[in-house]
Amino acid sequence: MIEVQNLSKSYSGFRAVQNLNFHVNRGEIVGFLGPNGAGKSTTMKILAGYQPPTDGQVNVAGFDVVSQSLDVRRHIGYMPENVPLYNDMRVDEFLRFRARLKNVPKAKLKERVETVKQLCSLKDVERKIIGTLSKGYRQRVGLADAMVHDPDLLILDEPTIGLDPHQIRAVRELIKDLGKKHTIILSTHILSEVEMTCNRVLIINHGRIEASDTPANLTKLVRGGGSLRLEIKAPAADAKTKLAAVPDIEEVEVTAEGEWAQLRIFSKPGADIRDNVYQLVKKEGWDLREMARERATLEEAFVELTQD
Ligand SMILES: Nc1ncnc2c1ncn2[C@@H]1O[C@H](COP(=O)(O)OP(=O)(O)O)[C@@H](O)[C@H]1O
Ligand SMILES: [Mg+2]
């Protein structure tokens, strides 16, 4: 659905995006994750055919984004970062206007506008003036606009930015639902969002792709995928030394000292060290108050992959 080869974009000499290579298959929901200024919006504008690349080849829905940008735009739905809406139009009027602009056939127009209003839960505000709507509704009008011509591919630039937690949840559910029928690429800096909605994540930083994998695999990249939290009655330094010598343990961190020591233990990738740790605790006669597995979060993967 999307083929990107050696894509670079410079703004008067400044390289916003450098030599990106990736592809998106039909039916995937791919998340673009990266800190502010990473190059997410730049890349999405190029994919949507709204600005040309400086270098490289980009093919979207079978069309070249430079020489066939109008075809690209017809086949995709693009929701830009700051959704441009006509503030003095009514929701209904705006969506019909946009559908006509996008060449939705007359016979289908009414049905398409109805469908996207339903999908985006806009029925109760269809007669309202856009300028009077709350941010959450405006965002959904933007999404309805992106979908009104029934594109296969949706490109959504920070679809939940500025929304409250209820609205975020609603938009997230909507995206998941849309993902059953559409290919979706979305950008966000909210980690839990990609974890919950995307099949694959591209982590982008300083205009480069740092990683591309499933959310689950990305978290596995980080120090074997998790750690063990241990709370024992023992001198912390002594416990640390003894634990570090246990097979398959890669690193031991003391997180609290005192009568009860708290430690965080990192294992080799894929190793289950719980038995070995328990055997040591028993042998040393340490009182044990807690032993719990902690999964690495995508947030940790993100920080580790994007720190300088
Ligand atoms: N039109 C522009 N002119 C000059 N620099 C730009 C322009 N748009 C973006 N940039 C710069 O390119 C980099 C990437 O921006 P952007 O793609 O908007 O990042 P993101 O969406 O990940 O926050 C930033 O350093 C930004 O300042
Ligand atoms: Mg952006």
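Annotations for the structure displayed:
- Protein heavy-atom accessible surface, 1.4 Å probe, per residue over the chain: 50 Å².
- Region 224-295, relative contact order [Cα under 8 Å, separation at least 6], %: 46 percent
- 17 Å Cα-Cα reach of K102 towards aspartates and glutamates, excluding residues that sit fewer than 8 places from it in its own chain: D71, D92, E93, E111, E114, D145, D150, D152
- Among the listed pairs K40/K135; K128/K176; K117/K180; K40/K123; K106/K176, a Cα-Cα separation exceeding 25 Å is found for K128/K176; K40/K123; K106/K176.
- Region 2-213 - Debye-derived log10 I(q)/I(0), Cα point model, q = 0.08, 0.16 Å⁻¹: -0.26, -1.06
- Solvent-accessible area of the chain (1.4 angstrom probe, protein heavy atoms only): carbon and sulfur portion equals 47 percent.
- The string of couplings for region 239-248 from the Karplus curve (6.51, -1.76, 1.60, θ = phi - 60°) is 4, 4, 4, 5, 5, 4, 8, 6, x, 6 Hz, one whole number per residue in order, with x for Gly and Pro.
- Working ranking of peptides 2-15, 201-214, 54-67 by packing, defined as the average number of other Cβ atoms within 10 Å per residue, highest first, is 201-214, 54-67, 2-15.
- Pairs of Cα atoms in region 1-97 fall into 5 Å distance bins, from 0 up to the last occupied one, in shares of 2, 12, 20, 23, 18, 11, 8, 4, 1 percent.
- Candidate cross-link partners of K283 among the lysines, defined by an alpha-carbon separation under 17 Å and a same-chain spacing of 8 or more, comprise K233, K240, K242.
- Packing here is the average count of other Cβ atoms within 10 Å per residue, and on that basis the peptides 124-131, 151-158, 170-177, highest first, run 151-158, 170-177, 124-131.
- Across region 133-224, the mean sequence separation of Cα contacts (distance under 8 Å, 6 or more residues apart), normalised by length, yields a relative contact order of 22 percent.
- Packing-based ranking, highest mean first, of 261-271, 40-50 given that Cβ atoms within 10 Å are counted: 40-50, 261-271
- Relative contact order of the chain: 19 percent, from C-alpha pairs under 8 Å at least 6 residues apart in sequence.
- A straight chain from E126 to K106 at 0.36 nm per residue would run longer than the Cα-Cα distance by 5.2 nm.
- Summary of the geometry: region 139-178 and region 234-288, compared by the centres of their Cα atoms, lie 46 Å apart.
The values are calculated or read from the model by the stated rules, or taken from the named source; none is laboratory data. Since the model is a prediction, treat every value here as computed from it, not as a measurement. Because the Cβ atoms are built from the backbone with ideal geometry, glycine has one as well, and the counts that use them run over all protein chains shown. Accessible surface areas use protein heavy atoms only, side chains included; no ligands, DNA or RNA. Shrake-Rupley method; radii C 1.70, N 1.55, O 1.52, S 1.80 Å.
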